[in-house]
Every structure is written in structure tokens, then in C-alpha cells.
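The values are calculated or read from the model by the stated rules, or taken from the named source; none is laboratory data. These numbers were taken from a predicted model, which means no experiment stands behind them. Methodologically, a virtual Cβ is constructed for each residue, glycine included, from the backbone with ideal geometry; neighbour enumeration extends over all protein chains shown.
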Amino acid sequence: MKVGTEHYRSIWYDDAKQVVKIIDQRWLPHEFRVVDLKTRDEFAAAIRDMWVRGAPLIGATAAFAVSEEMKRDPSDKSLNETWEVLDATRPTAINLRWALDEMRETLREVPLKERAEAAHKRALEISDEDVECNRQIGLHGLEIIKKIAATKKPGESVNILTHCNAGWLATVDWGTATSPMYHAVEAGVPVHIWVDETRPRNQGAQLTSWEMDSHGVPHHLIVDNAGGHLMQNGDVDIVIVGTDRTSAHGDVCNKIGTYLKALAAYDNNVPFYVALPSPTIDWTINDGVLEIPIEERHGDEVTKVWGKLDDGSIGQVQISPDGTPGGNPAFDVTPARLVTGLITERGVCEASAEGLAALFPERVLN
Ligand code: MRU
């Protein structure tokens, strides 16, 4: 998507400089910083410390980590160690493991001297595939928004609530949940977005708001607790969120707070859709609530908040007493029964084993 007049992806390979570049998201919306990732440790830190984040982007970054490492040392030992180091960075987003498995499988039978080239090619493909998946998700989601628009009074905006950042910054481009929104704007369908701030790290306030603002999408930033009230008052027509891992039965793991939005949507008959590319489906997991590992992050993310300080610098302030520890589960699971539908690159389906199997018949369910 565009930053100013220039088109950017969230990660790319700079052919001239022969280096992987990312947007370092820790500084947005206040500063737009692009950094190079070179070593395995840098890639691992970038994922673990959330310079890049969002399930599809984490996967693409891991793929580039493998390809860069293969240039240095293409041995099986290095390939396996890289898989282990990267896999340990963040536990919930399944796209990470999917991309690492994909890279290892691609390279397994490739002779050592050809590995770097094969790895580079596959990492680029993984990025491009993500962009195309998200474009397709946008087109399928657009149809849902158009149907809602058709039932509203002419000229009225479709009010969409979203949580966290499932935008182009969370993917390689387009975003998952935001792709239908961007496609709606391009198609001239009026939309207005309620952006959940998404405590503790404020991905909504810092990243989704920045995306919406940059692309001229009408939006308001709301506190996480406002969604239920807005739904009760008829001010939300549809909820669209992303996911970090969806079970083979359609349970949806996403940023902490998503489950509460789904409950409120259910109680108020507001359609609740989840947008996801197929690498986000964990076909080995049936019961998402019991089986998906939930990342516990540092308590400081709860007790302190990042922002722009009065002197213009970016820093943290503490918002709780010195002695109060923060508890920080980073994701929750919304059971399939609360999900109206899954928007994938192959179309929209019911959040169920049958729904997913109909769209992805080549997958064997356990
Ligand atoms: O902790 P984060 O910022 O990586 O969490 C991101 C989310 O929860 C997104 O909603 C999810 O990855 C879907 S992104 C297309």
C-alpha cells in the first residue's frame, strides 16, 4: 500500500543492496523507519520484539531469515538450527511454523550449492503468495460489505469494527481484515471503521489508525470497551478481524479481546467475520480453546504505555503502581459458534470443519 506517494510492502528484498528490508513498526505512527535485516539473530529479534508482527508477516520474515542464512551456510545443521531459533520467537501465529516448514521442505532435497538460490526464490514466492491471498480475501469480503450497503439507506456508510492490526502492516500487503475495507473504498462503497485501540500494545491505535489515515478511510479510534455499547446502539454493521491461528474446526485465535467482541456481536446480531489466508489454518488442531498455545508477554506491556512525549521523543510512561505486576496473555480464542463466516482466498465459508473442508478439500482432517 502507499506511504505518501510511494508503494511499500511491509517486507521486501532490495536487489540493488542485496538485503532484506522491513518497516520497523515499533515507531509508528510517529516515525517511519526502514531497517535492514541481515543476521539470523536480527531476524529473530525483529519477530520476537515485534519490529514486525501480524501472523502472515511473521511467516514471510521467517522465510527470508532462512533464505539469508542459506547464503552463509547451506548445511542441514544450519537449516535445522535456523528453523529452531525462528520457531521459538513467537508461539501463537501458525504462519511462522508454516513458513519454516515450507522452507525446510523446499530445501531438503536441494544440493547444498543450489540451496541459497532455491531458498531465495521460495521466500520471494511466499511473500507474493501472501499478497495475492490477501487481494482475493479483499474481493470476497467486498461482496459481503456490498450486500450490507445494499440494505442501508443510500449514501450511508457501512460501519465496520476491527480489532488489533490485521492490516497491510500485519501481512506483506493489503492486510486480511482491512483488505475488504480498502477494496470497498476503491469500489466506491462508503465505509466507516471503528478501530479498537487494542491494549496493551495498541496495534489499533498506532498501526490500524495510521493505515486508515494514510489511505483516507473514514475511521474513529475507540477504546477497547466501547464496542459492545456501539453494537447495542446499532452503530456497528459488521465486525471483521484477522487471526493468528484458526483450528480445523473453525475456532479463531486472535489478539486478546477479540473473544469479547465476538460475544457482544453475537448478543446484538452483528455479523462477525474473520479474514484469513490458508497458511493461518492449523489443520492439526481441532479444539482451538484447548489446543492453541497462547503467548504470555512481559507484564511491562500492560503497566507501561509507549507514545510520543511532550518533547517529541518516543518513550514509555508507567500507568500503575510500582508494585503492581502486569498479567499479559496476548491472544484469546473465539469458538467457531460465535463466528458468522471465514473469509479466505478461496471464498467465504462457515466456521466449521465442513465449511473449511469444502473450500480446502485437499487437506486431510484428523
Ligand atoms: O501480536 P501481534 O501484533 O502480532 O498480533 C496480530 C494479530 O492479532 C492480528 O490480528 C493477526 O496476526 C492477524 S494479521 C493479518
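Can you tell me which residue in the stretch 269-287 is nearest to the ligand (Cβ to nearest atom), limited to those that are surrounded by fewer than 21 Cβ atoms within 10 Å (Cβ to Cβ) and of a type outside the set (S, T, N, Q)? The qualifying residue nearest to the ligand (Cβ to nearest atom) is 285. So for the stretch 144-158 (the condition being part of a helix (DSSP H, G or I) and over 16 Å from residue 240 (Cβ atoms)), does at least one residue qualify? Checked the stretch 144-158: at least one residue is part of a helix (DSSP H, G or I) and over 16 Å from residue 240 (Cβ atoms). Being of a type in the set (Val, Ile, Thr), in contact (Cβ under 8 Å) with a residue 60 or more places away in the chain and not assigned by TED's automatic domain parsing to the domain that holds residue 88 is a property that residue 340 has. The set of residues in the stretch 110-130 that are surrounded by fewer than 18 Cβ atoms within 10 Å (Cβ to Cβ) and part of a helix (DSSP H, G or I) comprises 112, 113, 114, 117, 121, 124, 125, 128.
Any idea which residue in the stretch 243-288 is farthest from residue 50 (Cα to Cα), counting only those that are assigned to a loop (DSSP other than H, G, I, E, B), polar (S, T, N, Q) and in contact with a strand residue (DSSP E or B) (Cβ under 7 Å, 6 or more places away or on another chain)?
The qualifying residue farthest from residue 50 (Cα to Cα) is 286.
Under the condition of being part of a strand (DSSP E or B), of a type in the set (S, T, N, Q) and within 16 Å of the ligand (Cβ to nearest atom), the residues counted in the stretch 291-330 number 0.
Are any of the residues in the stretch 228-242 part of a loop (DSSP other than H, G, I, E, B), crowded, with 22+ Cβ neighbours inside 10 Å and assigned by TED's automatic domain parsing to the domain that holds residue 168? Write out each step before concluding.
Filtering the stretch 228-242 for residues part of a loop (DSSP other than H, G, I, E, B) gives 233-237, 242.
Among the residues that remain, those that are also crowded, with 22+ Cβ neighbours inside 10 Å are: 236, 242.
This time we only want the ones that are assigned by TED's automatic domain parsing to the domain that holds residue 168, so: 236, 242.
Yes: one or more hits.
Among the residues of the stretch 94-132, those identified as within 19 Å of the chain's Cα centre (by Cα) and among the small types (Gly, Ala, Ser) are 99, 123, 127.
Is it fair to say residue 266 is under 20 Å from the mean Cα position of the chain (by Cα), among the aromatic types (Phe, Trp, Tyr), at negative phi and away from the ligand (no atom under 12 Å from the Cβ)? No. Only one of the numbered conditions (1) among the basic types (Lys, Arg); (2) more than 17 Å from the chain's Cα centre (by Cα); (3) modelled with pLDDT of 95 or more is not met by residue 363, and that is (3).
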